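Reading through the structure tokens given below for one structure.
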Amino acid sequence: EPRAPTGVERARVHFAAGGEPDRDEWFLAGTRTTVVEAAAPAAGHPRLESPVDGAIFAMDPDIPPSRQRIALRARGAGEGERLVLPDGHEVPAREAVLWAPAPGRHRLALVDRAGRELDRAEFEVRP
């Protein structure tokens with residue numbers, strides 16, 4: 001069994017949501033936690049999840065363009081809220097979209113029923 005360096009301690013960690021098995025982890029002395037709980041998303045605040053604002057994507061010349069996609073999706077979107085895609089098309093915000101990237105700067109917006117912008121992300125695709 002490995003010995004911990006000075007100032008490091010080992011503890012058994014339990015994942016409350018059950019998404020991962022319990023296991024031993026290493027912590028700096030005084031930072032140990034024994035239960036890990038996922039933070040709940042903020043209620044009532046729909047937002048873009050992918051891509052993040054300022055993201056830069058690069059096309060891979062070794063992969064056929066038909067196989068390269070960028071996931072466009074929102075979290076916490078309600079009925080009637082829409083994603084305004086970089087090409088101007090709109091889809092329900094509850095749907096994830098696999099968008100075929102085109103080189104250049106792009107904008108994705110999350111809008112409500114009235115067309116008010118709730119969130120946006122600007123991103124770049126490099127050839």
Where a residue in region 90-102 is farther than 14 Å from LEU48 by Cα and aromatic (Phe, Trp, Tyr) and its partner, wherever it lies, is in a loop (DSSP other than H, G, I, E, B) and at pLDDT below 90, with Cβ under 9 Å and at least six apart
TRP99/PRO86; TRP99/ASP87
Those residues of region 89-113 which are open to solvent by 70 Å² or more (accessible area, probe 1.4 Å) and either among the basic types (Lys, Arg) or part of a loop (DSSP other than H, G, I, E, B) (or both) amount to HIS89, ARG94, GLU95, ALA96, PRO103, ARG105, ARG107, ARG113
Scan region 1-26 and report the pairs whose first residue is at positive phi and whose second residue is among the small types (Gly, Ala, Ser), with Cβ atoms within less than 7 Å and a gap of 6+ or a chain change.
GLY7/ALA29
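Do we find that ALA40 is more than 30 Å from PRO127 (Cβ to Cβ), within 15 Å of the chain's Cα centre (by Cα) and at pLDDT below 90 in this structure?
Spelling it out, ALA40 is indeed more than 30 Å from PRO127 (Cβ to Cβ), within 15 Å of the chain's Cα centre (by Cα) and at pLDDT below 90.
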For the subset of region 6-21 comprising residues that are open to solvent by 50 Å² or more (accessible area, probe 1.4 Å), touching a strand residue (DSSP E or B) at 6+ places or on another chain (Cβ under 9 Å) and part of a loop (DSSP other than H, G, I, E, B), which member is modelled with the highest pLDDT?
PRO21
What's the total number of residues in region 54-88 that are in contact with a Leu (Cβ under 9 Å, 6 or more places away or on another chain) and either outside any loop (DSSP other than H, G, I, E, B) or modelled with pLDDT of 90 or more (or both)?
13
Of the residues that make up region 53-65, is at least one within 18 Å of the chain's Cα centre (by Cα) and under 16 Å from GLU117 (Cα atoms)?
yes
Go through (1) touching a Lys or Arg at 6+ places or on another chain (Cβ under 8 Å); (2) loosely packed, with under 15 Cβ neighbours inside 10 Å one by one and return the number of the condition LEU48 breaks.
(2)
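The values are calculated or read from the model by the stated rules, or taken from the named source; none is laboratory data. All values reported here derive from a predicted model rather than from experimental measurement. Ideal geometry is used to build each Cβ from the backbone, glycine not excepted, and the neighbour counts take in all protein chains shown. When the accessible area is computed, the model is the full protein with side chains, heavy atoms only, and any ligands, DNA or RNA have been set aside. Shrake-Rupley method; radii C 1.70, N 1.55, O 1.52, S 1.80 Å.
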